[in-house]
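The values are calculated or read from the model by the stated rules, or taken from the named source; none is laboratory data. Computed from a prediction, not measured in an experiment: that's the story for all the values here. Here the Cβ positions follow ideal geometry from the backbone for every residue, glycine too, while neighbour counts run over all protein chains shown.
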Amino acid sequence: MNILKKIKNVLFPERNEEIYNLFDHSNMASLRVMSLLTVAIESVSLIHLLFHNVDYLNFDLTVIILTAIIVINLITAISTDLFLKKRIKGHNIAVIIAVFTITAMTCFAMFVSYMNYIAGRQIIIFYAVTVCLISFIHITPLFQLIFILVEHSIFYAILYNYDGAKGVIVPNVIIYMLIILVASQISFYRVLNFASSTYTAKVMAEEFALKSSQDQLTGLMNRYALDNIPNIENPVRCQIAMSDIDHFKVFNEKYGHIKGDEVLKATASALLDVFRKKDCYRYGGDEFLIVAINLTEDTFRDRLALWEKKLSVTRIENIDEPVKVNFGVASGIIHNKEEIFKLIKEADEKLNTIKSMRNHSS
């Protein structure tokens, strides 16, 4: 049972969706290059063939096959380019493109090698195309095995039907098949290991980026996450609110820092009930920042009022005082990311002005 399980794991290695995506991207990139090279080479061959036979031009089988393989590879080049630009998506689409191209190229290689065999020349094209496909198109080992066995069986049957395959040394063909099978497996697992390492590194980098840009206490983004705001391509309306918790120092002094942390978490939780998480930041200490795009000023202020209302009915165990917030608001049409920081500075100044006025009046 262990042996069967190992064989199964070799033929059907486990891959998650991200690994499939990396394989698909690699295969499409390889197919695009191969198809463009094939179009260039076979176009020259077709022009050469037509030029030397211009006096008795006729559309014989060779001309038809060359034209067909050029058209097929043009289709492949266009399809793979669309896939790489994400205009068409999906693992099944990538499989269809790969199978279509592999089948066409294999049939073409068989035709060219068969014509060379009839003429008494080498059938190297068949083997060269097989090596290229196996080397640059990475498919599941089981399907690699099936592909190699089927294509060699069909090609041998064609040659056998012609003259009993007298020009083929069977032991050499078998040895060649075994070598290419082993090589294909090594190539596949080399790419699989590379893709797995790339995926692992990507996940670790994303986790590190998330931890470095997220406030661990409240779950909000921290001020360093502002650097990751995408560039503004078109003018948009931006609403900014800089806020802090009213008399937060009293919570810490009267109830202790643990309860102070609970106040911060409750404030952040109420904020997330009103605004999207990606718009909310813990700017530092008891300061919270909201950056909202494409909201009207009235809608933005209504949501701030709703946040205040939610906080007014929020109760924290063993704390009698309700949680209140102060905030300064700034808004405007922004044309680039730098203008966001100008609005943040403006909102912060308004917050300080409001707090100074309240302190002075009290």
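Odds and ends about this structure:
- Residue ID - farthest from Ser212 (Cα to Cα), chosen from residues in the stretch 275-298 that are more than 33 Å from the chain's Cα centre (by Cα) and surrounded by fewer than 20 Cβ atoms within 10 Å (Cβ to Cβ): Asp298
- Selection over the stretch 178-233 of residues that are outside any helix (DSSP H, G or I) and either of a type in the set (Val, Ile, Thr) or in contact with a Pro (Cβ under 6 Å, 6 or more places away or on another chain) (or both) gives a count of 3.
- Check on Ala241, of a type in the set (A, V, I, L, M) and within 30 Å of the chain's Cα centre (by Cα): no
- Flag for Ala183 being closer than 30 Å to Glu18 by Cβ, in the same structural domain as Thr76 (by TED's automatic domain parsing) and either in contact with a helix residue (DSSP H, G or I) (Cβ under 9 Å, 6 or more places away or on another chain) or surrounded by 15 or more Cβ atoms within 10 Å (Cβ to Cβ) (or both): yes
- Qualifying position, being within 36 Å of the chain's Cα centre (by Cα) and of a type in the set (Gly, Ala, Ser), among Ser312, Ser331, Ser356: Ser331
- Any hit, the stretch 255-267, residues being touching an Asp or Glu at 6+ places or on another chain (Cβ under 9 Å), part of a helix (DSSP H, G or I), modelled with pLDDT under 85 and hydrophobic (A, V, I, L, M, F, W, C): no
- Looking only at the stretch 287-344, residues that are modelled with pLDDT under 90, part of a helix (DSSP H, G or I) and under 23 Å from Pro235 (Cα atoms) come to 2 in all.
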